[in-house]
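Below: one structure, written as structure tokens.
The values are calculated or read from the model by the stated rules, or taken from the named source; none is laboratory data. From a predicted model like this one, the values you see are computed outputs, not experimental measurements. In this analysis, Cβ positions are derived from the backbone assuming ideal geometry, glycine residues included, and neighbour counts consider all displayed protein chains. Surface areas here come from the heavy atoms of the whole protein model, side chains and all, with no ligands, DNA or RNA. Shrake-Rupley method; radii C 1.70, N 1.55, O 1.52, S 1.80 Å.
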Amino acid sequence: MPEPKMNLRKGSKVWAEDKNLAWVAAEVTDFLAKKVQIRTVTGKQVLTVPEKLCPRDADEEEEHGGVDDMTKLTYLNEPGVLYNLQRRYALNDIYTYTGSILIAVNPFTKLPHLYNVHMMEQYKGAPFGELSPHVFAVADASYRAMMSEGRSQSILVSGESGAGKTETTKLIMQYLTFVGGRAAGDDRTVEQQVLESNPLLEAFGNARTVRNDNSSRFGKFVEIQFDATGRISGAAIRTYLLERSRVVQITDPERNYHCFYQLCASERDAEKYKLDNPHHFHYLNQSKTYELDGVSNAEEYIKTRRAMDIVGISNEDQEAIFRILAAILHLGNIEFSPGKEHDSSTVKDEKSSFHMQMAADLFMCDANLLFATLCTRTIQTREGNIIKALDCNAAVASRDALAKTVYARLFDWLVEKINRSVGQDPTSLIQVGVLDIYGFECFKYNSFEQFCINFANEKLQQHFNEHVFKMEQEEYRKEEINWSYIEFIDNQDVLDLIEKKPIGIIALLDEACMFPKSTHETFSTKLFQNFRAHPRLEKAKFSETDFTVSHYAGKVTYQTDTFLDKNRDYVVVEHCNLMLSSKCHFVAGLFPLPPEESSRSSYKFSSVASRFKQQLQALMETLNSTEPHYIRCVKPNSMNRPQKFENSSILHQLRCGVSRS
Ligand SMILES: Nc1ncnc2c1ncn2[C@@H]1O[C@H](COP(=O)(O)OP(=O)(O)OP(=O)(O)O)[C@@H](O)[C@H]1O
């Protein structure tokens with residue numbers, strides 16, 4: 001952002017706005033009327049206005065390799081920050097401070113010398129800022145502050161998809177287990193279990209996306225607890241909003257969750273469960289991508305199994321988990337054709353019958369009951385129960401809903417198991433929490449998932465505003481540093497718009513979900529009626545039902561067509577009963593209580609958005625009771641290549657961590 005007052009003279013060093021590079025270094029050569037003549041480093045003579053220029057640190061003052069803390073720049077403005085990062089990145093100095101915030105630019109290449117034990121030794125106890133900027137320095141500062149102040153800490157890792165949040169989180173965990181670990185040789189120490197929870201959760205919660213080969217499809221908050229002597233005594237993992245739709249629907253070149261490919265490559269299990277080839281399974285072959293560069297599915301399978309051992313999952317449970325995954329794949333291959341009666345359906349052919357039998361056998365339930373579950377629905381009326389046949393589309397939807405529910409419950413079981421195994425220390429008063437949560441998203445098409453993700457980011461932004469801006473601005477004001485490259489934007493009004501009761505987007509959505517006759521059209525109409533003049537909400541230009549929210553990071557238009565469906569986290573009673581009938585304790589145990597049949601339909605509504613809102617509220621309360629530290633990860637280019645620094649996209653991310661496509 002150009003600065004309002006600037007004394008320009010001939011020879012002044014400036015940054016000039018540039019279409020391609022965002023900003024380019026230049027020097028003032030002349031003045032013509034109210035305009036300024038400049039010469040850019042690329043040799044161009046440009047006539048411009050002073051408002052489009054920013055002051056630049058004089059070349060001789062600039063350190064060739066950049067400065068390790070942005071506050072050392074004479075002019076702390078957007079281009080100064082950008083070029084400082086660029087200069088450092090060229091030398092593989094991927095970390096830079098802005099005061100106490102760490103900026104980490106993804107190197108997209110292994111830098112093992114940065115993360116070895118020797119490095120951890122170096123950072124242990126070193127005063128913050130004394131050594132080169134590093135993720136270990138932030139982790140160490142948190143640990144020291146926790147020990148000296150007796151106060152819990154949190155490290156918030158943010159950034160767009162592929163920026164390096166998960167890798168950064170793992171490095172923090174590695175460091176904390178290093179300083180707080182016991183020097184025991186046992187494989188199953190708390191810290192070992194904490195570390196091994198990563199590959200396990202990645203196998204079941206990560207997938208290849210267009211942006212990242214190993215993209216986390218859930219948010220994660222890991223709390224590592226310590227005893228009074230600073231040793232790790234327990235841990236707890238909370239996860240947020242796993243992307244369920246991926247289990248049944250993927251587009252090329254994305255993949256389903258890693259665990260499915262690992263299982264198919266596992267020779268013995270694959271053979272046992274008749275998973276000869278991933279190409280044969282609908283839930284996998286909607287995309288032509290089965291392999292990942294430099295990754296062996298078979299080896300990853302062994303690693304996942306090992307992680308399960310360390311986390312304390314019994315062989316019997318492991319067998320059940322992979323059997324369930326196999327059942328889901330077979331389930332996805334059941335196709336339907338119209339049945340004899342009107343609007344009914346039946347299993348399409350022998351192949352589908354085979355897969356249905358396989359799925360039933362693997363779930364350890366009755367194949368006829370599975371068929372009835374997929375192709376009919378019981379409706380309760382005052383006069384008694386009516387069995388309604390489902391047409392082919394509805395049967396497919398029922399099949400997919402079952403697959404998604406089972407998978408989501410399996411994921412939740414894993415998280416719970418990890419928590420139980422690692423154990424929480426009820427006497428621990430101090431902990432370091434690490435938050436790795438999806439960054440702001442703005443795509444061509446944005447749906448319910450983006451809405452929830454962006455809501456979470458608004459919450460975190462508010463937290464960031466309250467803690468960092470106020471604190472840092474104070475500090476910079478004292479030192480008379482001009483903090484102009486990030487603006488303070490109060491976003492309480494957006495948060496009210498989204499979450500306020502009784503009238504807010506979530507409340508209106510829940511209301512719509514509870515009335516069977518509501519559609520996304522009636523929901524949108526109600527939304528626009530209630531917020532006709534709201535400065536943060538508008539009706540999208542070419543649609544009657546899409547709405548646009550002016551988020552802190554920019555405008556995002558949401559398509560509402562699937563909002564109601566995605567917000568309804570109903571468990572179909574028939575699905576529940578089927579799973580409860582399983583002879584496998586593990587399968588039945590995933591569905592602990594038969595849902596109360598309080599409603600007249602066989603669906604029981606619970607709101608995904610409201611539950612997410614409550615989870616976020618609890619997270620905010622935890623974060624507010626801790627001292628926060630921030631790491632902002634930056635993705636330097638969209639090709640995931642080392643040494644490529646794309647100015648415009650990086651600027652977007654520095655402004656607000658936005659992910660665009
Ligand atoms: N410090 C690092 N050193 C080397 N490579 C890294 C580092 N950080 C990230 N990477 C590379 O970038 C890839 C993407 O990083 P990561 O999965 O951590 O991104 P993310 O921000 O968690 O993305 P998502 O939101 O999609 O989960 C990694 O798989 C790894 O190849």
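Couple of notes before you dig in:
- Rg(Cα)/(2.2 N^0.38 Å) for the stretch 1-62, N = residue count: 1.00
- Inter-probe distance in nm under a simple model that places probes 7 Å from Cα toward Cβ, at ALA588 and GLU149: 5.2
- Each residue of the stretch 375-386 was assigned a 3J(HN,Hα) from its phi angle through the Karplus curve 6.51 cos²θ - 1.76 cosθ + 1.60 (θ = phi - 60°); the sequence is 9, 9, 9, 8, 10, 8, 10, 4, 7, x, 7, 10 Hz, with glycine and proline shown as x.
- Leading residue at positive end of dipole, the chain (Cβ point charges), from THR48, SER398, HIS118: THR48
- Remark: the stretch 446-461, residue by residue, has Karplus-estimated 3J(HN,Hα) of 10, 10, 4, 4, 5, 4, 5, 4, 6, 4, 4, 5, 4, 4, 5, 5 Hz, where x stands for each Gly or Pro and the curve is 6.51 cos²θ - 1.76 cosθ + 1.60 at θ = phi - 60°.
- Positive minus negative residues near PRO253 (Lys, Arg vs Asp, Glu; Cβ under 9 Å): +1
- Shape call, the stretch 247-312: gyration tensor on alpha carbons, a/c limit 1.5: prolate
- Solvent-accessible area per residue for the chain (1.4 angstrom probe, square angstrom): 45
- Between GLN122 and ASP227, the distance separating the two model label sites (each 7 Å from Cα on the Cα→Cβ line) works out to 3.3 nm.
- With a Förster radius of 22 Å applied to the beta-carbon distance between ASN277 and GLU319, the computed FRET efficiency rounds to 0.50.
- Restricting the calculation to Cα atoms, the chain shows an Rg/Rh of 1.00 when the hydrodynamic-style radius is the Kirkwood one.
- Only Lys, Arg (+1) and Asp, Glu (-1) charged, at Cβ; the chain dipole about Cα centre in debye: 1100
- The per residue volume of the convex hull around the alpha-carbon atoms of the stretch 518-562 is 70 Å³.
- Dipole axis of the chain (+1 Lys, Arg; -1 Asp, Glu on Cβ), positive-most option in ASN385, LEU580, LEU460: ASN385
- Total formal charge among the other residues, if their Cβ is under 12 angstrom from that of GLY219, Lys/Arg +1 and Asp/Glu -1: +2
- Put a plus charge on the Cβ of each Lys and Arg, a minus charge on the Cβ of each Asp and Glu, and nothing anywhere else: the dipole of the stretch 247-312 about its Cα centre is then about 200 debye.
- Extended-chain gain in nm, criterion 0.36 nm per residue less alpha-carbon gap, ARG211 and GLN643: 153.8 nm
- For the stretch 21-120, trypsin sites (Lys or Arg not before Pro) are listed when DSSP marks them as loop and at most 16 other Cβ atoms sit within 10 Å of their Cβ; the list is LYS34, LYS44, LYS110.
- Within the shell defined by Cβ-Cβ distances under 12 Å, the residues around LEU370 carry a net charge of -2, with Lys and Arg each +1 and Asp and Glu each -1.
- Taking the charge dipole of the stretch 247-312 about its Cα centre, with +1 at Lys and Arg Cβ atoms and -1 at Asp and Glu Cβ atoms, the residue from ASN256, ALA270, ILE310 reaching farthest to the positive side is ILE310.
- Largest to smallest principal axis extent of the C-alpha atoms in the stretch 402-448, angstrom: 48, 30, 11
- Given LYS388/LYS444; LYS165/LYS541; LYS52/LYS72, the pairs whose alpha carbons are separated by over 30 Å: LYS388/LYS444; LYS165/LYS541
- Taking 0.36 nm per residue of separation and subtracting the Cα-Cα distance, full extension of the segment from ARG655 to ASP496 would add 55.0 nm.
- Ranked by how many other beta carbons lie within 10 Å on average, peptides 254-265, 438-449, 399-410 from highest: 254-265, 399-410, 438-449
- Magnitude of the charge dipole, the stretch 1-62, Cβ model with Lys/Arg +1 and Asp/Glu -1, debye to 20: 420
- Of all DSSP beta bridges in the chain, antiparallel share, percent nearest 5: 75
- Residues in the stretch 233-245 carry Karplus couplings, in order, of 10, x, 7, 9, 10, 10, 10, 10, 6, 5, 6, 7, 4 Hz; the curve used is 6.51 cos²θ - 1.76 cosθ + 1.60 with θ = phi - 60°, and Gly or Pro positions show x.
- Mean Cα-pair separation over length for the chain, i.e. relative contact order, pairs under 8 Å, 6 or more apart, %: 18
- Global form of the stretch 72-138, assessed from the alpha-carbon gyration tensor, a/c cut-off 1.5: oblate
- The chain: angle of helix 505-514 to the longest principal axis, Cα-based, in degrees nearest 10: 10
- For the stretch 247-312, the relative contact order works out to 40 percent when only alpha carbon pairs closer than 8 Å and six or more residues apart are counted.
- Extension gain, MET620 back to ARG306 (0.36 nm per residue minus Cα-Cα distance, nm): 109.6 nm
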